[in-house]
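**Q** Just dropping this structure here.
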């Protein structure tokens, strides 16, 4: 997928859900960029809530467990960089979408 850059501000249009690891984003209401480091995080052991992404501050990276950010795709205001994507990442994303759809279905049935 090719993303169009807004030349004036060097931002990208928001692509589809599940950006690759290494993507750099700014969240709605945020002042500090984050980079995506993982997917489908559950904040507490007994929670059924999930977040689309796990991220760390950019450019600092992991500093401490208190500096881990969980957020959803809908929270992303701007995309500054899209991480590396190849065939392996595309297959992973397909499996991730299937797994999350199944997880959401099973949680809805259990309620």
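**Q** Separation between the residue 72 and residue 57 pseudo-spin-labels, each 7 Å from Cα along Cα→Cβ, expressed in nm?
**A** 2.6
**Q** Starting from the Cα coordinates of the stretch 13-52, work out the convex hull volume and express it per residue in Å³.
**A** 96
**Q** In vacuo Debye scattering of the stretch 13-111, one point per C-alpha: log10 I(q)/I(0) at q = 0.12, 0.14, 0.16 Å⁻¹?
**A** Debye output, listed in q order: -0.41, -0.55, -0.72.
Laboratory data are not the source of any read-out in this text; all were calculated from the coordinates shown. These numbers come from a predicted model, not from an experiment. Because the Cβ atoms are built from the backbone with ideal geometry, glycine has one as well, and the counts that use them run over all protein chains shown.
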